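Comments concern the structure below.
The values are calculated or read from the model by the stated rules, or taken from the named source; none is laboratory data. On a predicted model such as this, the values are computed, not experimentally measured, just so you know. Glycine also receives a Cβ, built like all others from the backbone with ideal geometry; neighbour counts cover every protein chain displayed. Quick note on the areas: whole protein, heavy atoms, side chains included, nothing else; ligands and nucleic acids left out. Shrake-Rupley method; radii C 1.70, N 1.55, O 1.52, S 1.80 Å.
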Amino acid sequence: MAVPKTIILPLLLLICGAALGAPAYEGYLRNGNFEEPPKKTDIKKTVLVGKTALPEWEITGFVEYISGGPQPGGMYFPVAHGVHAVRLGNEATISQKLQVKPGSLYALTFGASRTCAQDEVLRVSVPPQSGDLPLQTLYNSFGGDVYAWAFVAKTSQVTVTFHNPGVQEDPACGPLLDAVAIKELVHPMYTKGNLVKNGGFEEGPHRLVNSTQGVLLPPKQEDLTSPLPGWIIESLKAVKFIDSKYFNVPFGHAAIELVAGKESAIAQVIRTSPGQTYSLSFAVGDAKNDCHGAMMVEAFAARDTLKVPHTSVGGGHFKKTSFKFKAVEARTRITFFSGFYHAKKTDVGSLCGPVIDEIVVSHVA
């Protein structure tokens, strides 16, 4: 019997990483794209029967194994990252054990969307850490949003669990999960002349190979366990981690798109000396992704603010800007958010916004 590729790749990367002292594997979890089907005896129509019915995963509750596209009863399930997905019904879970490095920071990347209830929530946990991802907001018109969630490994073996904590009248109602990958992240270090860690956003979560939409970073993430190392996602809505393969990025390989106006913000607390003056510089632009209009990025540092307008014609243009601020404490929070709300010009169901990149704070002599 042939070994599925979704098992071979992570194992090879794990072995090579261990041999070279490199980060642990980056890629799908075992059967992370759910393309290895259950045995015919383990499924009844679409419902999985038994806790080991889904290969490489352990399940509890009402879990369906579905194919993307039109469904009986007139529904349509988007499966953007393959053919098959799982749907978590009332209180249902799927989980998998992973070998990891204690003390290391990892980010899970997964495709997730709601299927019928407005208030669906996907709970992701790696004990003792847990987080609830609200799926009310659809960030693109076709569903299939991609999220990242991070954790610090406490032991050499952890259990990753996806749980639908909701209870709906229809027991099948719940989040759709269509791909799960993992990446070990590098704790950011300061670079010469910059008090900001990961100011170019080069270190971030895994990008699913067949995803062109970027990765949403959930709201209310602390910097120690953020999927964007060094940064706090302190807003009510997600921000988007984008890469240069599918988006226009001002510098390097990655940037952040503020996709939900004032509800979409990132922050970092930096070390400063009270009374000293600092310069904060950054790039503002658009991702060349059909996001048009008058944009505004608002930046805050200590008691000083700067509003940076950018009129986007969808061409991927950007500009660098800077301002000075005086520190009042030994720790200064710098914050960025979008002043306006935007949707794509030809797809009003897809949210978008200004791009920020190359954030530098330096001491002014």
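A compact table of results
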read-out: Distant-in-sequence amide H partners of M295 (H built 1.01 Å from N, under 5 Å); value: H310, T311, S312
read-out: Karplus-derived 3J(HN,Hα), 6.51/-1.76/1.60, for each residue of segment 50-63, Hz, glycine and proline x; value: x, 5, 10, 5, 8, x, 6, 10, 10, 10, 9, x, 7, 10
read-out: Shape metrics for segment 169-296, restricted to C-alpha atoms - Rg then Dmax, Å; value: 16.5, 60
read-out: Solvent-accessible heavy-atom area per residue, rounded to whole Å², over the chain at 1.4 Å; value: 43 Å²
read-out: Alpha-carbon gyration tensor eigenvalues x 5, square-rooted, for segment 44-153, Å; value: 24, 18, 13
read-out: Using alpha-carbon coordinates, inclination of helix 5-20 to the longest axis of the chain, degrees; value: 50 degrees
read-out: Over the chain: helical MRE at 222 nm, DSSP H runs n ≥ 4 each giving -39500 (n - 2.57), nearest 500; value: -1500 deg cm²/dmol
read-out: Mean Cβ count within 10 Å, highest first, over the residues of peptides 249-258, 161-170, 340-349; value: 249-258, 161-170, 340-349
read-out: Accessible-area composition of the chain, carbon plus sulfur, in percent [1.4 Å probe]; value: 57 percent
read-out: The chain, Rg to Rh (Cα coordinates; Rh as Kirkwood inverse mean 1/r); value: 0.99
read-out: Values of log10 I(q)/I(0), in the order q = 0.15, 0.20, 0.25 Å⁻¹, for segment 105-192 under a Debye, Cα-only, solvent-free model; value: -0.62, -0.95, -1.27
read-out: Amide H within-cut-off set for Q276, under 5 Å, with H built and near neighbours excluded; value: A327
read-out: Listed peptides 91-102, 52-63 by packing density, highest first (mean Cβ within 10 Å); value: 52-63, 91-102
read-out: In range of the label at M75: residues from segment 29-61 whose backbone nitrogen is under 14 Å from the point 7 Å along Cα→Cβ; value: 46-48
read-out: Using alpha carbons only: equivalent-ellipsoid semi-axes of segment 222-353, gyration tensor based, whole Å; value: 26, 16, 13
